[in-house]
Amino acid sequence: MSTRDLTVPVAAPATPWRERLGTMVPILVLAPSLAASFIYVFVFTLWTLYLSLSNSSLMPTYGFVGLDNYASLWANRRWNIAYTNLFLFSGFYIVGSMAIGLLLAILIDQRVRGEAVWRTIFLYPLAVSFVVTGTVWSWLYNPVDGIQAFVRGLGWTDFSFALTANRNTAIYAVIITGIWQSSGFAMALFLAGLRSVDPDLVKAAQIDGASVSRTYRKVILPTIAPIFLAVAVIQIQFAIKTFDLVAALTRGGPGVSTTFPAIYVYDLMFQRGQIGEGAAAAMMMLAALAVVLVPYSLWIAWRRRGEGRNG
Amino acid sequence: MAEIALNAQHDPEAAAAARRYFWRRFLIYAVLALFAVIYLAPLLVVVFNSLREQSDIARNGLISLPRSFRLDAWAQAWGTYCVSGTCEGMKRNFFNSLWMTIPATVISTLLGAMNGYVLSKWRFKGSEILFNLMLLGVFMPGQISLMPWAFLLGKFGLTNSTYGLVLIHVVQGISFTTLFCRNFYVSIPDDLIKAARIDGAGFWRIFRKIILPLSPPILIVTVVWQFTGIWNEYLFGVVFTSGQQQPITAALVALTAGGTTARAYDVMSAAVLIGALPPLLIYLFGGKYFVRGLTQGAIK
């Protein structure tokens, strides 16, 4: 090794400098992005971690206070509301959008006419921002001008639909809107999965006399099981990062009833000048993502390796 | 279809089967149509309201057919509506978003394509590990980066500016664009690259002559993803800019929050549509390729 290192300068005149520079080009091209990503992922995370252990209030300061911020965060009633909401929202949102997405995907998979049109209709909310969706739905939920007024106008005069006006039901308004926004995305992934199932497998089931629903339950859906997991993981990520939707739809209210972790981080850092505790809340969001994503990526890696060995 | 119908006249069993088939098809289309109505209704409501008179909305509620077609609300929302003191409508925020989104999309896509090219065709020792490290950026919640960005933007003198947001979106976007491009370029046969190298082509020549011409499918995915994602982003916009400098998402929330006057639903509807239009257009033009690319990636 060392002798080779020594011989390089001697051999250098033989390889023109352009060529030697040439071998460096790929690394030079990658370097700026790599540096930026490294700072973004590691330096920023450690930075925020440190802030979460500091006595920062209005401005970042670096006096070390240990886990005080975490203790006061978890003692806070509003943080409890925030993560309870997160669990409630994640559960309904993921199950709801996957159920509707799967239903739509199976229906579209029945060789319907105008498939592209249906798909475009179900998917367009994906292109619209949560801000736009949240704003429009906040109007629809408004009891004076929205859906309630419309149905009452049709003659059903004691119809009641005022989810966002009530502390106990406002979270369901967020859930419904979230499902509306993203079930089309679940549909697209499921549809692609259905299309990837080996047609011979389906034919074999049909020849055996299996009904359509039985074919789906016993043959098709089990083969696309990994897609269920993929969709669920992507949706959990959306749920944990939910900020815009709530900011536009309910602004965390009525009261603090639809506070989410992301909303609370923003409030602590920029409205209340409690940067240390806000950083602690942000770290908890990262922890929640890690709880979901680390096992999932390990599972993916394990499955790939298994495939590599068998294939 | 036609065959089944013909047979039905002769064979009672076939007739029953045809009936069953008909009802099955009917049910499929009925459910699809029901969901299509649910998905399209909010869009139609907003479009209608942007064309209705405010007095009509106040009297008859939001959900009603337009009795008039007027574009006043659009003109107001674009150029003259007052938000917290300034009466310039949404146009400035619209252009803020545009001048943020276009450079950030172009830069992050180009960087992603070059990174993907290196990480798939010019691998070196440790490049897989570096790729996986870059991937972590995909999962980072924006909240983690808020305070560091606030500090850095202050140092660079980029607070409350579109350039600051461009920087943030480029750095955040690199991990996505690199992932998309790298996974696509992996499927380009290595022999193609080897042959070109034997012919004396270097790094850049191979990139321009072989990789780029094969790239449009993945570049469409990347551009659609980045454009819609950056245009629709709200958190960084609301944290790092204010007033005249805000991108349109932040301005929309500020606009619709104003509880000072009676809610001008006509103008707000038009404003919402102005904010939703660019990503919708991008999606309508590139969506087909986008969905194909995205789903292929997710299924792998």
Note: B:32-42 gets an average of partner chain Cβ contacts (10 Å, Cβ to Cβ) equal to 6
Toy charge model, Lys and Arg Cβ at +1, Asp and Glu Cβ at -1: region B:91-299 dipole around Cα centroid in debye, rounded to 20, equals 420
Ordered by number, the trypsin sites (Lys or Arg not before Pro) in region A:130-209 that occupy a DSSP loop and have at most 14 other Cβ atoms within 10 Å are A:Arg167
What helix-only [θ] at 222 nm does chain A give? Using -39500 (n - 2.57) per DSSP H run of at least 4, over all residues, to the nearest 500, the answer is -22000 deg cm²/dmol
Per the C-alpha gyration tensor (a ≥ b ≥ c, the square roots of its eigenvalues), region B:2-70 is rounded if a/c is under 1.5, else prolate if a/b beats b/c, else oblate; here it's prolate
Along the dipole axis of chain A (charges at Cβ: +1 for Lys and Arg, -1 for Asp and Glu; origin at the Cα centre), the most positive-end residue among A:Asn166, A:Met98, A:Ile275 is A:Met98
Diffing region A:244-258: the Karplus 3J(HN,Hα) column from phi (6.51, -1.76, 1.60, θ = phi - 60°), in whole Hz with x for Gly and Pro, holds 4, 4, 5, 4, 8, 7, 10, 6, x, x, x, x, 10, 5, 10
Taking Cα pairs closer than 8 Å and at least 6 residues apart, the relative contact order of region B:91-299 in percent is 34
Correct semi-axes for region B:152-300, from √(5λ) of the alpha-carbon gyration tensor and rounded to whole Å with the largest first, are 40, 20, 11
Loop-resident chymotrypsin sites (Phe, Trp or Tyr not before Pro) in region B:124-170 with no more than 15 other Cβ atoms inside 10 Å, DSSP not H/G/I/E/B, are B:Phe124
Partner lysines whose C-alpha sits under 20 Å from that of B:Lys288, ignoring same-chain residues fewer than 8 away, are B:Lys300
Within 10 Å of the Cβ of an average residue in A:224-235, the count of other chain Cβ atoms is 1
In chain A, whole DSSP H helices that both stretch 27 Å or further along their axis by alpha carbon positions and average at least -1.0 on the Kyte-Doolittle scale are A:17-38, A:77-108, A:170-196, A:275-310
Using alpha carbon positions and the Kirkwood radius, the Rg to Rh ratio of region A:80-141 is 1.08
A convex hull over the alpha carbons of chain B yields, per residue, a volume in Å³ of 224
The answer for B:Val83, listing residues at least 5 apart or on another chain whose modeled amide H is closer than 5 Å to its amide H, is B:Glu88, B:Gly89
Placing +1 on each Lys and Arg Cβ and -1 on each Asp and Glu Cβ in the protein assembly as shown, then taking the dipole about the Cα centre, the residue among B:Tyr283, B:Trp74, A:Thr135 whose Cα reaches farthest towards the positive end is B:Tyr283
Counting only DSSP loop positions in region B:8-113, the trypsin sites (Lys or Arg not before Pro) whose Cβ has at most 15 other Cβ atoms within 10 Å are B:Arg67, B:Arg70
In terms of the alpha carbon gyration tensor, root eigenvalues a ≥ b ≥ c, rounded if a/c is under 1.5 and otherwise prolate when a/b exceeds b/c or oblate, the protein assembly as shown is oblate
Yeah, chain A with a ≥ b ≥ c from its alpha-carbon gyration tensor (a/c under 1.5 is rounded, else prolate when a/b outruns b/c, oblate otherwise) is oblate
Taking alpha-carbon centroids only, region A:204-222 lies from region B:196-225 a number of Å equal to 43
Mean per-residue count of partner chain Cβ within 10 Å for B:56-63 equals 5
Rounded to whole angstrom, the alpha-carbon centroid of region B:239-258 lies from that of region B:118-132 at a distance of 41
Residue by residue through region A:59-68, the couplings from Karplus 6.51 cos²θ - 1.76 cosθ + 1.60 with θ = phi - 60°, in Hz, x for Gly and Pro, are 10, x, 10, 10, x, 7, 10, x, 8, 3
Between the alpha carbon centres of region A:161-180 and region B:78-95 the gap in Å comes to 31
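Read-outs throughout are calculated quantities, based only on the coordinates presented, and are distinct from any laboratory measurement. The model shown is predicted, which means the values in this text are computed figures rather than measured ones. Ideal geometry is used to build each Cβ from the backbone, glycine not excepted, and the neighbour counts take in all protein chains shown.
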